[in-house]
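Chemist: One structure is given below, represented as structure tokens, and several questions about it will come after.
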């Protein structure tokens, strides 16, 4: 059974960074792209980007180009997203999601989401 | 960026009824359109992709239609478990964007 298990909630100070994890089980992460999505109730869902864990290739939405860094560790079958220079605008729930088939989209499996709170 | 306009934001219906949710793209996205179901405490579920193809495990009471800019998700004979939130998403070009969501409530 495919599962994406995300790390627990995070509380960070403005200006700091956070690294979120997404551990895959039931398949090898090198076989599929992994996407990340941001969710704020008042702003809806926003696509951040994807990583190909097989070779580390990444693609970012322009607005997250300098905010998010996607990486993957094939030995632990885990994808990561680091968010830097955190502000209150980064307070949100973040999801990892697997790309369907051998394509860039849509997303056939999602993590449960991780809440990141940025507050002084 | 392609803007996805989803409507209505809220929809009230009774079990057994049928409902439709609209998703309009600001430019043609061919059939690169997916529908997702969101439930509290559960991972988001892919229901439909390529505009009208049911993902494995999606009940047949769900259907999708449309191409270009206009798409519709229809749920026939609503079951109690269908009352939740639905999103559309395009994946035709970068950045992928989502509709604002439709909350389906029990009347």
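Every read-out reported here was derived from the displayed coordinates using simple, explicitly stated rules and does not represent laboratory data. Because the structure is predicted, anything quoted here is derived from the model rather than measured. In this analysis, Cβ positions are derived from the backbone assuming ideal geometry, glycine residues included, and neighbour counts consider all displayed protein chains.
Chemist: For a quick check: sort A:36, B:35 by the number of other beta carbons within 10 angstrom, fewest at the front.
Modeler: Sorted ascending by nearby Cβ count, the order is A:36, B:35.
Chemist: Follow-up question, since we're still on this one. Under the definition of Cα pairs under 8 Å and six or more residues apart, what whole-number percent is the relative contact order of segment A:1-60?
Modeler: Computed over segment A:1-60, the figure is 26 percent.
Chemist: Just rank B:39, A:38, A:59, fewest to most, by other beta-carbon atoms within 10 angstrom.
Modeler: Least to most surrounded, the residues fall as B:39, A:59, A:38.
Chemist: Moving on. So for the pair residue B:105, residue A:54, with labels modelled 7 Å out along Cα→Cβ, what separation do we get in nm?
Modeler: Once both label points are built, they end up 4.7 nm from each other.
Chemist: A further question follows. Take the Cα radius of gyration of chain A and divide it by 2.2 N^0.38 Å, with N its residue count; two decimals is plenty.
Modeler: That works out to 0.99 for chain A.
Chemist: Testing the spin-label approximation: label points 7 Å from Cα along Cα→Cβ at residue A:117 and residue A:76. State their distance in nm.
Modeler: Label-label distance for residue A:117 and residue A:76, simple model: 2.5 nm.
Chemist: From the Cα gyration tensor of segment A:1-70, with a ≥ b ≥ c the square roots of its eigenvalues, which class applies: rounded if a/c is under 1.5, or else prolate if a/b is larger than b/c, or else oblate?
Modeler: prolate
Chemist: With a cut-off of 8 Å between alpha carbons and a minimum separation of six or more residues, what is the relative contact order of chain A in percent?
Modeler: Computed value for chain A: 36 percent relative contact order.
Chemist: Residue by residue through B:25-34, how many Cβ atoms from other chains fall within 10 Å of the Cβ on average?
Modeler: 1
Chemist: Between residue A:7 and residue A:87, what is the spin-label point distance in nm, taking each point 7 Å from the Cα along the Cα→C-beta axis?
Modeler: 2.3
Chemist: Counting other C-beta atoms within 10 Å, which of A:87, A:69 has the fewest, and how do the rest follow?
Modeler: The fewest-first ordering by Cβ neighbours comes to A:87, A:69.
Chemist: Per residue of A:50-63, count partner chain C-beta atoms within 10 Å of its C-beta, then hand back the mean as an integer.
Modeler: 1
Chemist: Averaged over peptide B:91-100, how many Cβ atoms belonging to another chain are found within 10 Å of each residue's Cβ?
Modeler: Per-residue shielding by partner chains comes out at 6.
Chemist: Find the percent of Cα-Cα distances in the protein assembly as shown that exceed 23 Å, and round it to a whole number.
Modeler: Across the protein assembly as shown, Cα pairs with separations above 23 Å total 47 percent.
Chemist: Sticking with this structure for a sec: P(r) for chain B: what percent of alpha-carbon pairs falls in each 5 Å bin, starting at zero?
Modeler: Spelled out per bin, shortest first, that is 3, 14, 26, 26, 19, 9, 4, 1.
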